[in-house]
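The structure appears right after this line, and notes come after that.
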Amino acid sequence: MKILVTGGAGFIGSNLCEYFLGKGYSVTCLDNFATGHRHNIEHLFLNERFKLIEGDIRNLEDCKKATQGIDYVMHQAALGSVPRSIVDPITSNDVNVSGFLNMLVASRDNGVKRFVFAASSSTYGDSESLPKVEDVIGKPLSPYAITKYVNELYADIFSKTYGLETIGLRYFNVFGRKQDPKGAYAAVIPKFVMQLMKNESPVINGDGNYSRDFTYIDNVIQMNELAITTQNSSAVNTVYNTAFGDRVTLNEMVHYLKEYLSEFDSSIAKIEIIYGPNRVGDIPHSLASIEKAKELLNYNPEYSFKDGLKEAVKWYWENLK
């Protein structure tokens, strides 16, 4: 089995590369290192079944080169972050829409068996219904959300028009080892972990009562594996929520972070939290129904939020302190 992981040097992509190499697959990583990091995959270079192609999904020839001889594509390459897309919608669109289309075309032309891609919970937009069910969405609240919804529309057309099997995984606030805590658009958990480890006060956008279905990386790996291995014809050419199916508020999340980090440094328990204004484009509440994935893919997430957070905190303390 030959797998291509686009964005394979990023947070989720590098975890996928590592996991599937461990399962005996041949893995090619396509990355331009715009947001990914070489240090995430350097330890894989010694594996003869691992191949790195430095390239950009905005270049169709790079996509065609990367998909040659590939059985399954796991498309993770994207410019994430709602705030980034608000600041620079053109680049987000170029990467997330034009780059996505390039990957679909290259996969079709090179006979890829199945195209599994990172979709996003941001697609639910202004829909207020909870839990989020795959076929009930609202209007997007950011340029990023628009790009991820367009991905789903293109994948659907390619499966219907060209017979390319596609599965979209709507990721819900994924966190865990190797997630980058640095930069202006760092995700909230690694960012807060690093601030707390430095005895700095994290800033919560809003009053802290927004809630999220935070999803540990190993649950996401499980979903990707199920997506490429399923033989259920009813399970392909559709999208799935990829989550744990529970939610915590940002206040609760910070409480647990302080509790778990204070096991390493007791002074962290006393750090004050600062509250700032709400962030433009943020969805107030996020909670996934995972019934569809359970039924069609036999998905059974192993890590609750608290279990995953303990693992993540331990990794950050041991690797980044």
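The values are calculated or read from the model by the stated rules, or taken from the named source; none is laboratory data. Keep in mind it's a predicted model, so treat the numbers as computed, not measured. Quick reminder, even Gly has a Cβ in these numbers, built from the backbone with ideal geometry, and neighbours come from all protein chains shown. Surface accessibility is based on the protein's heavy atoms, side chains included, excluding ligands, DNA and RNA. Shrake-Rupley method; radii C 1.70, N 1.55, O 1.52, S 1.80 Å.
Here's a check for you: in segment 178-198, which residue that is part of a loop (DSSP other than H, G, I, E, B) and in contact with a Phe, Trp or Tyr (Cβ under 9 Å, 6 or more places away or on another chain) is surrounded by the most Cβ atoms within 10 Å (Cβ to Cβ)?
Taking segment 178-198 first, the residues part of a loop (DSSP other than H, G, I, E, B) are 178-187, 198.
Applying the additional criterion that residues be in contact with a Phe, Trp or Tyr (Cβ under 9 Å, 6 or more places away or on another chain) yields 178-181, 187.
On the way: Lys178: 23, Gln179: 21, Asp180: 17, Pro181: 16, Ala187: 18.
Step by step, filter segment 178-198, then rank; the result is Lys178.
For segment 156-177, enumerate the residues that are open to solvent by 30 Å² or more (accessible area, probe 1.4 Å) and either assigned to a strand (DSSP E or B) or closer than 27 Å to Met194 by Cβ (or both).
Glu165, Asn173, Arg177
Please tell me if Tyr275 is modelled with pLDDT of 95 or more, open to solvent by 50 Å² or more (accessible area, probe 1.4 Å), under 17 Å from the mean Cα position of the chain (by Cα) and not polar (S, T, N, Q).
no
Taking Gln76 and the conditions (1) buried (at least 24 other Cβ atoms within 10 Å of the Cβ); (2) among the polar types (S, T, N, Q); (3) modelled with pLDDT under 95, which numbered condition does it fall short on, given that it satisfies the others?
(3)
For segment 43-93, which residues satisfy the criterion of being assigned to a loop (DSSP other than H, G, I, E, B) and under 21 Å from the mean Cα position of the chain (by Cα)?
Gly55, Asp56, Ile57, Arg58, Gln76, Ala77, Ala78, Leu79, Gly80, Ser81, Asp88
Residue pairs, Cβ under 9 Å, 6 or more apart or interchain, first in segment 295-321 and open to solvent by less than 10 Å² (accessible area, probe 1.4 Å), second basic (Lys, Arg). List them.
Tyr299/Lys292; Ala312/Arg177; Tyr316/Arg177
Restricting the search to segment 202-224, which residues are open to solvent by 40 Å² or more (accessible area, probe 1.4 Å) and charged (D, E, K, R)?
Correct list: Asp207, Asp218.
Consider Glu18 against the criteria (1) within 19 Å of Phe100 (Cβ to Cβ); (2) at pLDDT 95 or above: it satisfies all of them except one. Which criterion is unmet?
Failed condition: (1).
Residues to consider are Lys139, Lys178, Lys132, Lys191; find the one that is under 23 Å from Ser85 (Cβ atoms) and in contact with a strand residue (DSSP E or B) (Cβ under 9 Å, 6 or more places away or on another chain). Working first, answer last.
Values: Lys139 fails: in contact with a strand residue (DSSP E or B) (Cβ under 9 Å, 6 or more places away or on another chain); Lys178 fails: in contact with a strand residue (DSSP E or B) (Cβ under 9 Å, 6 or more places away or on another chain); Lys191 fails: in contact with a strand residue (DSSP E or B) (Cβ under 9 Å, 6 or more places away or on another chain).
Among Lys139, Lys178, Lys132, Lys191, only Lys132 is under 23 Å from Ser85 (Cβ atoms) and in contact with a strand residue (DSSP E or B) (Cβ under 9 Å, 6 or more places away or on another chain).
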